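What follows is calculated from the coordinates using simple rules that are stated; it is not laboratory data. In this text the structure is predicted, and so the values were computed from the model without any measurement. As a convention, Cβ positions derive from the backbone with ideal geometry for all residues, glycine included, and neighbour counts pool all protein chains shown.
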Amino acid sequence: MKMPINQFKKNLLVNRRQIGLFLGLGDAYTSEVLATAGFDWLLIDGEHGPNDVRSIRDQLQVLAAYPEQQVVVRLPEHNTATIKRVLDIGAQTLMIPMIETAEQAQQMVKAMRYPPNGMRGVGTAMARAARWNGVDNYFAQADEQMCLIVQIESVTGIKNLVDIANVEGVDAVFIGPSDLAASMGHLGQPSHPEVKQAVAKAIADIANAGKAAGVFSANPELALEYEKLGASFMLVGVDVLLLRKAAIELANKFMGKQSEDLSSY
C-alpha cells in the first residue's frame, strides 16, 4: 500500500494560492457537506471548536473521499502526546497555536518526527496513518509527508518571528489577527490599523525567511489585501458563522430586521 502524499505541503513549498475554511462544528456530516463547496483546504479546529481525537478522526475519514480537498488540523496546545495521537489517526498537516519562541517551534518539529530526527512514538499497528502497518516502508516516508504550521498570535511571537520562521522543519507560519489584536491591547479589533500593520510586516518577514505565510480574516476585502502583501494560504470564513449568518438573513427577510455585521471575527 502506498504512502498518502501531502499535497498541501507541496503547495506551500511553491507558495501556491490556497483558500480555506474553518471547520468548528465538530461534525463529520457537515464537514463532508463543506468539502463540496470548492475551497482549497479545510481546517478542523481542535482549539476553539468542540473537537476531540475521535471527532477529528471521523472528519478525516469522510474527507478522505474528497482527495482534492486538503485538510489541516489545528490542535489546542503544545502537547506532544496529542500530536502523536492525531498524527496516528491520519492527519499529516498540523497547525499549532500560540507559538512564541524558536524553542517551542523546535519542540513541535520533534513531536512530528520519528527518532532519530524527533520523538514521535511508534504505534503503527494501531495507526490509521500507516494503514495499520499496511503502508510499505511507512517509517522511511512518514517524516517527509508531515507538515508543520506554527501560529503566531502574540506580541512576543511577533518579536521572535524571524527566529521561529527560520527553524528547520517549520513549513509555514500562520498569523492569527484576533489574538494578536488582544495581545496588542485591541481586543475584538483584528482590523485595527496597528494590527493590520503588524500583520503586514509579519507576512513580509515570513516571506523573507523563505516560508509560506498564512492569515485569517472573515473580512473579504482585508483577506484580499493580505493576499496582495504576500499571504499564500488563507482562511476566509468559519462554518459556524456562515450557518448563523445565513439563518439570520433568512429570518430577517420575514421578521423585518436588519442583519448584524459578522465579518469582524
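Would you work out which of Gln197, Gly26, Gln70 lies farthest towards the positive end of the dipole of the chain, given +1 charges on the beta-carbon of Lys and Arg and -1 on that of Asp and Glu, about the Cα centre?
Checking the options against the dipole of the chain, the answer is Gln70.
From the Cα gyration tensor of segment 1-134, with a ≥ b ≥ c the square roots of its eigenvalues, which class applies: rounded if a/c is under 1.5, or else prolate if a/b is larger than b/c, or else oblate?
It comes out rounded by the Cα gyration axes.
In whole Hz, with x marking every Gly and Pro, tabulate ³J(HN,Hα) for segment 241-250 from phi via Karplus 6.51 cos²θ - 1.76 cosθ + 1.60, θ = phi - 60°.
5, 4, 4, 5, 4, 5, 5, 5, 4, 5
What do you get for trypsin sites (Lys or Arg not before Pro) in segment 1-86 restricted to DSSP loop and a cutoff of at most 15 other Cβ within 10 Å of the site's Cβ?
Counting only loop positions with at most 15 other Cβ atoms within 10 Å, the trypsin sites (Lys or Arg not before Pro) in segment 1-86 are Lys2, Arg16, Arg17.
State to the nearest 20 debye the size of the charge dipole of segment 50-96 about its Cα centre, where the only charges are +1 on K and R beta carbons and -1 on D and E beta carbons.
About 100 debye.
Round to the nearest 0.05 the FRET efficiency obtained for Val122 and Glu144 when R0 = 30 Å and r is the Cβ-Cβ distance.
Rounded to the nearest 0.05, the efficiency is 0.95.
Of the options Gln106, Val215, Leu161, report the single residue whose Cα projects farthest towards the positive end of the charge dipole of segment 7-255 (beta-carbon charges: Lys, Arg +1; Asp, Glu -1).
Gln106
Place a +1 charge on the Cβ of each Lys and Arg in segment 7-255 and a -1 charge on the Cβ of each Asp and Glu, then give the dipole magnitude about the Cα centre in debye, rounded to the nearest 20.
The calculated dipole for segment 7-255 is roughly 260 debye.
When ranked by the protection proxy of mean other Cβ atoms within 10 Å per residue, highest first, what sequence do the peptides 203-214, 89-100 form?
Order by mean packing, descending: 89-100, 203-214.
With the alpha-carbon atoms as the only input, what is the per residue convex hull volume for segment 102-142 in Å³?
66 Å³
Return one number: the angle in degrees, 0 to 90 and rounded to the nearest 10, between the long axis of the Cα atoms of helix 193-208 and the longest principal axis of the Cα atoms of the chain.
30 degrees
For the chain, set up a GNM with springs between Cα atoms under 10 Å and report which of Val135, Val173, Val199 has the largest fluctuation.
Its mean-square fluctuation being the largest, the pick is Val135.
Could you tell me, in Å, what Rg and Dmax come out for the Cα atoms of segment 2-53?
12.6, 34
Treating only the Cβ atoms of Lys and Arg (+1) and Asp and Glu (-1) as charged, compute the dipole magnitude of segment 160-206 about its Cα centre; round to the nearest 20 debye.
For this selection, approximately 240 debye.
Taking only the alpha carbons of the chain, what extent do you get along each of the three principal axes, in Å, biggest first?
61, 42, 29
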